[in-house]
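Below: one structure, written as structure tokens.
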Amino acid sequence: MPRVVVISPPFRSHAQPLSVLARSLCGVGADVVFASTPEFADLAGGLDFVPLRTTRNANTGVAQSTAQDADSARRLDEFLDSTRRGPVAALLTQTTHRRADMLDAPEDVLADVAALHERLRPDWYLVDQLNYAVTLALHALGLPYASFCPGHPTYLVARDDQFFGLPQLWPSAVAPDEGELAALREATRLTDLRFTGLFADFVRRHAPDRPAPGRAFALTSPHAAVLNYPPFPWLPPLPDGPEHVFLGHCSDSDPLDGAWRARIRGRRVVLVALGTFLSARDDVLRTAVTGALSIPDVTVVVAGGARVAALADLAADPRVVLEAVVPQRALLPHVAAIVHHGGNNTFTEALEAGVPALVLPFSSDQFCVAHDAERSGAGVCLDPNALTPEQVTTAVRGLLDRGRTPRLRALRDGVRAAGPDRGAARLVQVLDRRVSRTPR
């Protein structure tokens, strides 16, 4: 069986599913090394761990509580402020930040990956699609790898008119006008050109015998692309070349501990969780909790992140359980409905648990995820920046009244039938076939 190095960026929402897939690869017989920031050594779960930093920007659990340099902290504040001005403002801010966030010190990463390869000599690598400096290093070194797509499948750029950071799908509740979309399209196109120029210059200087990537954001493994997502039939076309391995979900089955069981026993629970970045939007958390509490017999569990103190008055209600971080995956089987931001992990984990969702998208691929939640019957969507408690009450009551519909149960069963174990077995088959016949 192959020796595989799994490289994760220093973002817990990326490292968590990658670590699950790494353990699944080990479970099908691969010799796996997990490489990431030292703070994520706990995620290795018995695998060999190698400390590897690939960017200064980081999020080790709750973005606002993560220690980082002044520039990264400033960009985080700018991003959070932009989400208050609507989807296009948030997406424009994200595309202007990408140069510093996604291609930080590529020469250092190249040297670190080369040294890692010299020491470990794996057969191939598994790398996060958004960890561009690592993908660029592997390309420059001519080393075989598979790409892991941590978000919506449209993160894999496939067409000339597709630009990373320009959503291809929008939910019904969020509809930017054509002028806004035109400005976003132009900004993402310019970012695409700048990144492609940086990639070409890097390859020219450090690996002149290697081909320059045609487009930076389209640099994906030619062998396999692993998607932490269900294969919905309406997804836009994916890149030609790599084999596409859909996992459906990439989460562990964590048991809920006794203390948490006691806190929610006998209650109809609504979970409100906006992810490791967007929990900073305590205004939206407050509106969601207030609206859910208007429904009798509902207990609201809230992941407050760094904003627990700002929300402390809500916890005076005995029906509110407020914590900075909650055991989301373990809670989901005990939850009647969830309010979330459209993050890929939360969406797929809720699908795996069969929990209906109210989706409040702010940025990134969350608009595409919210679209898919609506279209698949997994949930409904509202605009977080125009949200009222009354809207939340109506939406959550509808989810609770509908419960787990036959359509949602079918989705759940399909997602469970895929999963990281089957995906790992398929990935090993694909790479064994493709890498073994590729000149090294």
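The values are calculated or read from the model by the stated rules, or taken from the named source; none is laboratory data. Source: prediction; values computed, not measured. Virtual Cβ from ideal backbone geometry, glycine too; neighbours counted across all protein chains shown.
Quick notes on this structure:
- Of the candidates ALA350, ALA316, ALA309, the single residue that is at negative phi, in contact with a strand residue (DSSP E or B) (Cβ under 8 Å, 6 or more places away or on another chain) and not assigned by TED's automatic domain parsing to the domain that holds ARG12 is ALA350.
- Yes/no for THR348 being in a helix (DSSP H, G or I), in contact with a Leu (Cβ under 9 Å, 6 or more places away or on another chain) and of a type in the set (Ser, Thr, Tyr): yes
- Count - residues of segment 1-40 that are small (Gly, Ala, Ser) and farther than 23 Å from GLU349 by Cβ: 3
- Among the residues of segment 166-185, the ones that are within 15 Å of ARG98 (Cβ to Cβ) and part of a helix (DSSP H, G or I) come to 1 in all.
- Annotation: of all residues in segment 88-142 being out of contact with any helix residue (DSSP H, G or I) (no Cβ under 7 Å at 6 or more places or on another chain) and of a type in the set (Ser, Thr, Tyr), the one that is farthest from SER8 (Cα to Cα) is THR96.
- Residue tally, condition crowded, with 21+ Cβ neighbours inside 10 Å and assigned to a helix (DSSP H, G or I), over segment 27-42: 1
- When LEU103, LEU92, LEU76 are screened for being modelled with pLDDT of 90 or more and either in the same structural domain as GLY151 (by TED's automatic domain parsing) or not β-branched (Val, Ile, Thr) (or both), only LEU92 passes.
- Those residues of segment 252-275 which are buried (at least 24 other Cβ atoms within 10 Å of the Cβ) and touching a Ser or Thr at 6+ places or on another chain (Cβ under 8 Å), in sequence order: VAL270, ALA273, GLY275
- Applying the criterion of at least 3 residues that are over 24 Å from the mean Cα position of the chain (by Cα) to the helices (runs of 4 or more DSSP H) found wholly in segment 275-338 leaves 282-293.
- Cross-chain or 6+ apart pairs with Cβ under 6 Å, segment 413-440 first and among the basic types (Lys, Arg), then in a helix (DSSP H, G or I) and modelled with pLDDT under 95: none
- Complete set of residues in segment 201-253 that are in a loop (DSSP other than H, G, I, E, B), in contact (Cβ under 8 Å) with a residue 12 or more places away in the chain and of a type in the set (D, E, K, R): ARG210, ARG215, ASP240, ASP252
- Qualifying residue in segment 378-392 (condition: within 14 Å of ALA173 (Cα to Cα), crowded, with 24+ Cβ neighbours inside 10 Å and either aromatic (Phe, Trp, Tyr) or assigned by TED's automatic domain parsing to the domain that holds PRO171 (or both)): no
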